[in-house]
Amino acid sequence: MKKDGEGTMLFRERTDVGEAKEIFLAEIKGMERTELIPVTSSIARVLSAGIFAPRNVPHYRRSAMDGFAVRSVDLIGASPTNPVMLQISDDVMEGTCTPVNTGDYVPDEADAVLMMEDTISIGDMIEIRAQLHPGKNVGEIGEDVRKNEIIFNKGHLLRPCDIAVLASLGISDVKVYAKPVVAVIPTGNDLLPLPGDDVPPPGKTLDINSLMIGEYVEKWGGIARYCDIVPEDEKLIEDAVKANIDTDMIVVSGGTSVGDRDYVPAVVEKLGTKLVHGVGLSPGKPTALGIVEGVPILCMPGYPAAGLVALFAFGKPALRKAGTIPDMPDTTIKARLSGKIMSREGYVSYARVILEGDIAHPLMTAGAGILSSIAKSHGFVIIPENVEGYEEGSEVDVVLIE
């Protein structure tokens with residue numbers, strides 16, 4: 001059998017990336033577990049129930065400007081040639097006004113606020129040269145939020161500004177979906193656990209994939225469960241999967257190709273359903289996807305760069321669906337290529353680039369095992385399977401690696 005560019009035997013079947021993702025996500029059920037948490041700790045959490053306003057905001061009439069609370073009827077006919085004089089007072093009544101700052105309570109007797117800039121102070125009097133209509137510069141009760149109004153619907157992802165609104169309503173706790181727990185299972189006889197203060201002996205490497213996977217799981221809204229390194233043994237891999245079947249998702253790193261010791265896809269098939277093995281993704285072709293007892297399993301290549309691409313392509317959307325987290329678009333910017341980048345025929349290719357202003361410098365389009373090329377790059381140019389590549393000077397979308 002021939003080998004492909006990632007050093008693995010050619011697969012009998014290769015599923016398109018879009019089709020593989022669709023098959024995988026169709027088998028994943030959304031989160032049902034919920035919890036009540038303080039609103040001050042709810043950033044990036046997803047509401048499991050809609051929220052209705054328990055009160056009006058503002059709950060009093062407030063000034064929208066620094067100035068004077070007035071009765072608009074007292075300013076009828078005011079003009080530069082016919083100014084009106086009002087007495088500054090602690091109370092608002094006929095012929096008087098009272099100073100207010102932005103956000104202050106507007107006395108019931110007043111129906112407008114005159115901006116400070118539109119007045120001329122003369123002792124304890126102010127001169128006014130323009131009329132005001134009722135309600136001018138006054139925020140009415142419930143102007144921001146009406147009592148019993150729906151504020152956020154179920155499934156809303158809370159942002160800092162949303163939390164501020166909830167706090168303004170006096171809401172101290174919110175009901176949200178629990179964070180999805182993702183088991184991270186590293187496999188390989190060559191792996192050593194972190195931390196690695198000493199230089200590993202020849203043929204050994206540090207388990208950096210688990211750290212990388214776990215950090216992205218946390219970043220995308222999940223909780224990483226780090227597992228011990230599992231040797232290349234079918235029974236031990238099977239035991240590790242079974243031990244973590246209580247999670248919401250499992251990510252297995254390594255052992256996904258078609259070599260004699262690549263047991264992971266076979267274990268998934270034995271315990272559940274292997275949906276896909278071999279995808280049109282470069283790097284990342286040996287990726288396998290499956291379901292075991294309702295738990296989605298992403299089997300990603302052990303090569304760090306290939307694994308990261310598989311994690312972005314399949315792990316991120318799977319985690320979000322499993323956790324009932326709204327799917328957010330990747331941050332993408334426009335840039336112009338400083339050099340030509342090529343793609344593999346029939347593959348969706350992730351080409352790494354370094355950004356310099358609006359110029360994208362191709363860094364590396366091959367080398368699935370070179371993680372530093374990911375760290376040095378700012379993003380990917382994702383080349384569709386039906387495109388051979390992009391010429392120098394082409395305008396492209398760069399998906400930022402965040």
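The values are calculated or read from the model by the stated rules, or taken from the named source; none is laboratory data. Predicted, not measured: the structure shown is a model, and the values here were computed from it. Areas reflect the complete protein model, heavy atoms only, side chains present, ligands, DNA and RNA absent. Shrake-Rupley method; radii C 1.70, N 1.55, O 1.52, S 1.80 Å.
Some observations on this one:
- Percentage of interatomic Cα-Cα distances in segment 141-191 larger than 12 Å: 77 percent
- If you run the Gaussian network model on the chain, springs between alpha carbon atoms under 10 Å, then out of 168, 343, 79 the most flexible one is 79.
- Interchain or long-range residues, amide H under 5 Å from residue 112's placed H: 70, 72, 135
- Largest-first principal axis extents, alpha carbons of segment 36-179, Å: 67, 24, 23
- Note on the chain: GNM, Cα springs under 10 Å; of 322, 288, 240, the largest mean-square fluctuation is that of 240.
- In terms of distances greater than 27 angstrom between alpha carbons, the cross-link table entries 147/179; 21/175; 179/285; 270/316 yield 147/179; 21/175; 179/285.
- Only Cα pairs under 8 Å and 6+ residues apart enter the sum, and on that basis the relative contact order of the chain stands at 17 percent.
- Computed over the alpha-carbon pairs of segment 233-370, the distance histogram in 10 Å steps reads 12, 36, 32, 15, 5, 0 percent, short to long.
- Most mobile listed residue (148, 82, 209) in the chain, GNM with C-alpha springs under 10 Å: 82
- For the chain, adding -39500 (n - 2.57) for each run of n ≥ 4 DSSP H residues and dividing by the number of residues yields -4500 deg cm²/dmol at 222 nm.
- Those aspartates and glutamates that a straight Cα-Cα span of less than 17 Å connects to residue 154, excepting residues fewer than 8 apart in one chain: 32, 35, 162, 173, 327
- By definition, a body whose alpha carbon gyration tensor gives a ≥ b ≥ c is prolate when a/c is 1.5 or more and a/b is larger than b/c, and the chain fits this prolate description.
- The HN-Hα couplings worked out from phi for segment 29-34 by the Karplus form 6.51 cos²θ - 1.76 cosθ + 1.60 (θ = phi - 60°) are 9, x, 4, 10, 5, 10 Hz, whole numbers, x standing for Gly and Pro.
- Backbone HN-Hα couplings from phi across segment 319-327 [Karplus 6.51/-1.76/1.60, Hz, Gly and Pro as x]: 4, 5, 5, 4, x, 6, 9, x, 6
- Solvent-accessible area of the chain (1.4 angstrom probe, protein heavy atoms only): carbon and sulfur portion equals 51 percent.
- Across all Cα atoms of segment 76-127, the radius of gyration (one decimal) and Dmax (whole number) stand at 11.1, 32 Å.
- With q set to 0.17, 0.18, 0.26 Å⁻¹, the log10 of I(q)/I(0) for segment 40-113, from the Debye formula over equal scatterers at the Cα positions, is -0.70, -0.75, -1.17.
- Cα-based helix-to-principal-axis angle, 208-219 vs the chain, degrees rounded to 10: 30 degrees
- Heavy-atom accessible area per residue - segment 127-269, 1.4 Å, Å²: 50 Å²
- Scanning residues 5 or more positions from residue 230 or on other chains, those with amide H under 5 Å from its amide H are 187, 188, with H placed 1.01 Å from N in the peptide plane.
- Gyration tensor verdict on segment 307-356 (Cα atoms; rounded if a/c is under 1.5, prolate if a/b is larger than b/c, oblate otherwise): oblate
- Computed Rg/Rh of segment 129-256, alpha carbon atoms with Kirkwood Rh: 1.33
- Over segment 236-308 - Rg/Rh using Cα atoms and the Kirkwood inverse-distance radius: 0.94
- For segment 271-310 and segment 380-394, distance of Cα centres in Å: 24 Å
- Segment 69-102 versus segment 14-28: alpha-carbon centroid distance in Å: 69 Å
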